[in-house]
Structures are given as C-alpha cells and as structure tokens.
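Worksheet: the structure to be examined is printed underneath.
The values are calculated or read from the model by the stated rules, or taken from the named source; none is laboratory data. Just so you know, these numbers come straight off a predicted model, no measurement behind them. Note that we place each Cβ from the backbone using ideal geometry, even for glycine, and neighbour counts take in every protein chain shown.
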Amino acid sequence: MTSPISVGNRIRSLKGVVFDLDGTLTLVKFKYNSPLHSTYVNRLKEGLVRLYGIPRDIIRESRFLSEIREKAVCYLEALGAPEAHLRRMLSFVDSLIDEYSSRELSSVRLDPEAIHVLNALRSMALKIGLCTFSSRQVALRFLRRFNIIDFFDAIVTRTDVLHAKPNPLQLLTTIESLGLKPSNVMLVSDSLMDVAIGKSLGLACSVLITRESTIPYPVMCKPDIVIDRLGILVDLIRGARDGTP
C-alpha cells in the first residue's frame, strides 16, 4: 500500500465515496483475455458492423466491451443518427453485455469486509455512491441479493446514461447525484480505467484495490493509494481525519 500522507488533506475534506461494484465490493474472477470474453467482444463488433453500420476500423482495436459501446455511441451521435436508431443499437449492445455478465458473474460473492466498510462510512456521515458498468437490472439484483442497496445515496449504472465508462459522464453523474463536487469525493475501484476517469475529473483521490480482476489499461494513470484489502479503506479515512499517518 502506498503512503496516504501526501493525500491526507484531501481525504480529510471528503464528503463522499464512490465505489465500483464488480471486483471492488464483490469478488469476481474476470479474465479479459479468456475465450469467453473474446467471444463476446467479437460478437459485439460483428453485430455493430452488420446491423448498425459502425465502421469496422473504429472498433477494430478495442479490447473491452465498455470501449466498444462508447465508440459506437459517439460515432452514431456524430453522424446525427435518429434517436430511435441509437436506442435500438444500445438495446442490442446492452443485452449482449448483460448476457456476458450473467455468465461471467455466475459465482460472484460479496467481499467479506464490504458491509463493515459501508457501515463505517455511514457512521462517518459520508455519502456513498455506486458507479458500475453493470446494467441497472444486474446491479440491483446483486445489491438486493447481498442486502446492501440501502447503503447507497446514488446508484448510476451503464444503462442509466448514454455515455458510460470509459466516458467520464457516468462518474460525474454519480457525483452530482450525491450533491457533491469531484474535489470532495474519493473513488474506490479495482479498475485502472476508473482511476483514469477519476483523474480526468479532479477527484479528491483515487484508491485502487488490487484484485484478480484488475487489468492493465492503455491510458497511463497512477492511483493515489493502492490497497489489497477493502477494510484498509476505513483505517485510511479515520487516520487522515485524526491526523495520524
């Protein structure tokens, strides 16, 4: 874990914490280079080219479902495509991603320290947000299954916004839904993509939790803090507020 001293002042000014879901509050075993993931990436690319006229060159090099979705949305928007066409495309994309998620997340379980952390943040009067690439249907199913839905003051999923991760709009929407500014928010995720998004918005600090699901991201970014256990988060925030390193 990197030292929190350099970001102690920013942690002391926190008014809220935004979490990712898959791989952060839950334990998953994403394998982005697996045959299953590759199959869905290829299916998504072929469907977008064949059914919705997305140029192959635009999405050819994309390795992640999230990037493919965002590039397709941006292309159709720039083209001035009718809203109905855009919505049909999103319906196709999101249903395919949900199909992949239902297979990839079949054995997902809650991090053993998640409820302790969420309770502790609530006791510190911090607002809690969730910004997840899961669809609303999938995310709410897991939150209810693990009985943690009531902890969140704002939940923004992929299907709640036109531009989802890696576009900063989804995270910004989450922060604004909490009634906060980025400079007063901590982001906690197992994704370097999320860290890069947080940096672009000027968040108070970003925390990367290293998981089996953590993967490289082509954008160079460095989290403010790296932890290997979710429970450390509570000690970090309390320590900063108490003025202890």
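Key figures
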{"item": "Selection count, the stretch 29-55, where residues are part of a helix (DSSP H, G or I) and closer than 15 Å to residue 89 by Cα", "result": "10"}
{"item": "Residue 162 vs. criteria out of contact with any helix residue (DSSP H, G or I) (no Cβ under 8 Å at 6 or more places or on another chain), among the aliphatic types (A, V, I, L, M) and within 26 Å of residue 88 (Cβ to Cβ)", "result": "no"}
{"item": "Cβ-Cβ under 6 Å pairs, at least 6 apart or on other chains, the stretch 33-52 side without any contact (Cβ under 8 Å) to a residue 60 or more places away in the chain, far side surrounded by 12 or more Cβ atoms within 10 Å (Cβ to Cβ) and small (Gly, Ala, Ser)", "result": "48/72"}
{"item": "Some residue of the stretch 35-56 being modelled with pLDDT under 95, under 22 Å from the mean Cα position of the chain (by Cα) and aromatic (Phe, Trp, Tyr)", "result": "no"}
{"item": "Within the stretch 39-59, tally of residues that are under 28 Å from residue 211 (Cα atoms) and loosely packed, with under 13 Cβ neighbours inside 10 Å", "result": "2"}
{"item": "Yes/no for residue 125 being hydrophobic (A, V, I, L, M, F, W, C), surrounded by fewer than 21 Cβ atoms within 10 Å (Cβ to Cβ), assigned by TED's automatic domain parsing to the domain that holds residue 189 and in contact with a helix residue (DSSP H, G or I) (Cβ under 9 Å, 6 or more places away or on another chain)", "result": "no"}
{"item": "Condition check for residue 11: part of a helix (DSSP H, G or I), assigned by TED's automatic domain parsing to the domain that holds residue 130 and surrounded by 13 or more Cβ atoms within 10 Å (Cβ to Cβ)", "result": "yes"}
